[in-house]
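Take a look at the structure set out below.
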Amino acid sequence: MRSNYKKLGQFIKEVSVKNKDLSVELLLGVSITKQFIPSIANTIGTDMSKYKVVEHHQFAYGPVTSRNGDKISVALLSEEKCIVSSSYTVFEIVDTELLDSEYLMMWFKRSEFDRYARFMSHGSVRELFGWEEMCDVELPVPSIEKQREIVREYNVVNDRILLNEQLMNRLEKSTFALFEEFFPIHGHDIETDHTTLEQLVSFNPKHTIKKNSATTYVEMANVAENSMTISNPIVRPFTAGSKFKNNDTLLARITPCLENGKTAFINILGEDEIAYGSTEFIVMRSKGEISPFWIYCLAKNENFRSYAISSMVGSSGRQRVHSDYLKEYRIDTNGLEAMSDFHRLAAPMFKYIANKHQENHKLQKLRELLLQKVA
C-alpha cells in the first residue's frame, strides 16, 4: 500500500435504519451513473416499513454487480432523506474531518474503482461486492484541506456543465414554442390544403462510406430522450448502418426508444463528414427551402410522434415504424409560408446549443482529468 493510501473501512460504518414508522415516502434507487433516481419498482401492496432510510450525505450501493456491466451502483444522497430497497447497503463516513464525503464520491466515480469492484466481486449465482470488500478498498487520503480543494475544483467544472445543460434545455423549449407558434399542427387528418412529408423531407438518404474505414459511429445509447445533443460517439471501422451528416435528424424507430422521445439533431461532425449509426435510426434530411430545424422540431412534436407510434408494426416489445408511413404524414401547405422566418429565428438558437454542447464535451474531459487527482 502506498504511504498515503488507507483502507476505507476505518473511515466508514454501515447504517441500517428501517422505515418502521412510514415517515419517509420518497423512494429512490441507485443508477450505474452514480446517482439516486426515482424507483421504477412496483410497490403496490409492499410493506414500506422494511425499506432502509438514507439520510443526507449518506451513501447507498447495490452489492450485486453481475447485472451492471462494468459499473457499480453507488451514490451520495443530496436530498434530505429517502428510502431505498433493503437490497442496498447504506453507509456513512464516521468523521468528516478525516474523509470528505464528496471526495470519496469522486473516488467512486473513477473507472478504476468500477474495475476493481467487478474484479473483487464473487459468488456462484450472483456476483457480489459485499461490505467486507467495500471496507478493503484502498484510496489516498490526503489532508482534509487538500480533499476539499480537489472537491471545489471538481464542483466548479461540474456546475458549469450542469448550467450549460440547463441553458441548452431552455433553448430547446424555446425552439419548440417557436415552432408551434409558426406551424400549429392539429394532427394528421387535416382538411386544409396539404402536402405530404415525402415532398419536404428525404428519408434515409444514400451515401458511400469505404468499408472498414474509421468513421464516427452513433449508437442508440448516445441519443438522449430529452435533448437534441449526442453524447460520447465513438470512432470505429465502418461496417453497415444508417448514414448521415450535419443538419440531419435521427429518429429512433423502435420501441420503447420512439415512445421515449429519442431524437437527435446532428451537429457534431466535421464539414462534409459522413457518419453512421444504428440501423434502428430513421434519417431525415430537408429538401429545398425546408429548414433542417423545422424537421427536428416536427420529429419531436406530440402529434407527429403519436402518428408514428400508431403506425408501428411488429411483435410485442420489438415494434418499429417504417419511413414509408412517415412519408404519408400530412403537412398544411399554408403554414409553410413562415418557413424562412422560422429558420432565421431558430438558427442562432441551434448554433448556441451546438457551441454549448462542444464546450461541455471539453469540460467533461477536464472533469475526468480532475477525477485522476484523487490518486
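Length available on full extension from Ala41 to Glu181: 0.36 nm per residue minus the Cα-Cα distance, which gives 46.5 nm.
Between Leu98 and Asn301, take the C-beta separation as r, use R0 = 56 Å, and let me know the FRET efficiency to the nearest 0.05.
Numbers: r = 54 Å, r/R0 = 0.97.
Efficiency computed from Cβ-Cβ geometry: 0.55.
With the Cα gyration tensor of region 109-202 giving a ≥ b ≥ c as the square roots of its eigenvalues, does the rule (a/c under 1.5 for rounded; else a/b larger than b/c for prolate; else oblate) give rounded, prolate or oblate? Here region 109-202 falls in the oblate category. Each stretch of four or more DSSP H residues adds -39500 (n - 2.57); spread over every residue of the chain, this sum gives -10500 deg cm²/dmol at 222 nm. Kirkwood analysis of region 5-141, using all unique Cα-Cα pairs, places the hydrodynamic radius at 15.3 Å. Against the main long axis of the alpha-carbon atoms of the chain, helix 144-182 sits at an angle near 20°. Using C-alpha pairs below 8 Å separated by at least 6 residues, the relative contact order for region 5-141 is 33 percent. Here each label is just a point 7 Å from Cα along the line to Cβ, and for Tyr5 and His194 those points are 6.7 nm apart.
When the gyration tensor of region 167-342 is built from Cα positions, what are the square roots of 5 times its three eigenvalues, in whole Å, from largest to smallest?
On the way: eigenvalues 136, 68, 51 Å².
Semi-axes from the Cα gyration tensor: 26, 18, 16 Å.
Each Cα pair under 8 Å and six or more residues apart adds its separation to the average, and for region 200-311 the resulting relative contact order is 33 percent. Annotation for region 151-230 versus region 7-80: alpha-carbon center distance of 34 Å.
Give the shape of region 2-77 as rounded, prolate or oblate, defined through the alpha-carbon gyration tensor: a ≥ b ≥ c are the square roots of its eigenvalues, a/c under 1.5 means rounded, and otherwise the shape is prolate if a/b is larger than b/c and oblate if not. List each step's numbers first, then the result.
Details: a/c = 2.56, a/b = 1.53, b/c = 1.68.
The shape class here is oblate.
Take the Cα of Asp324, step 7 Å toward its Cβ, do the same at Thr239, and the gap between the two points is 2.8 nm.
Relative to the longest principal axis of the Cα atoms of the chain, the long axis of helix 339-371 lies at roughly 20 degrees. Quick check: the angle from helix 111-120's long axis to the longest principal axis of the chain, C-alpha only, nearest 10 degrees? So the helix axis and the longest Cα principal axis differ by about 60 degrees. Assuming R0 = 25 Å, what is the FRET efficiency of Arg170 and Gln364, from their Cβ-Cβ distance, to the nearest 0.05? Calculated value: 0.80.
Please state, as a whole number in µm²/s, the translational diffusion coefficient that the Stokes-Einstein equation yields for region 243-375 at 25 °C and 0.890 mPa s, with Rh defined as the Kirkwood radius across alpha carbon pairs.
On the way: Rh = 16.9 Å.
The diffusion coefficient I find is 146 µm²/s.
Could you work out how much longer the chain between Arg152 and Ala375 gets when fully extended? Use 0.36 nm per residue separation minus the Cα distance between them, nm to one decimal. Don't skip to the end; give the middle numbers.
Working: separation 223, 0.36 × 223 = 80.28 nm, distance 1.62 nm.
Gain on stretching Arg152 to Ala375: 78.7 nm.
How big is the antiparallel share of DSSP beta bridges in the chain, given as a percent to the nearest 5? Working shown, then result.
Numbers: 46 of 49 bridges.
Antiparallel bridges make up about 95 percent of those DSSP assigns within the chain.
Backbone geometry of region 133-140 corresponds, through the Karplus equation with coefficients 6.51, -1.76 and 1.60 at θ = phi - 60°, to 3J(HN,Hα) couplings of 5, 4, 5, 7, 4, 10, 8, x Hz, x marking Gly and Pro. Working from Cα pairs under 8 Å separated by at least six residues, relative contact order for the chain is 16 percent.
Any read-out appearing in this document is the output of simple, stated calculations on the displayed coordinates, not a laboratory observation. Bear in mind that the values here come from a model prediction, so they are computed numbers and not experimental data. Positions of Cβ are backbone-derived with ideal geometry, glycine not excepted, and every protein chain shown enters the neighbour counts.
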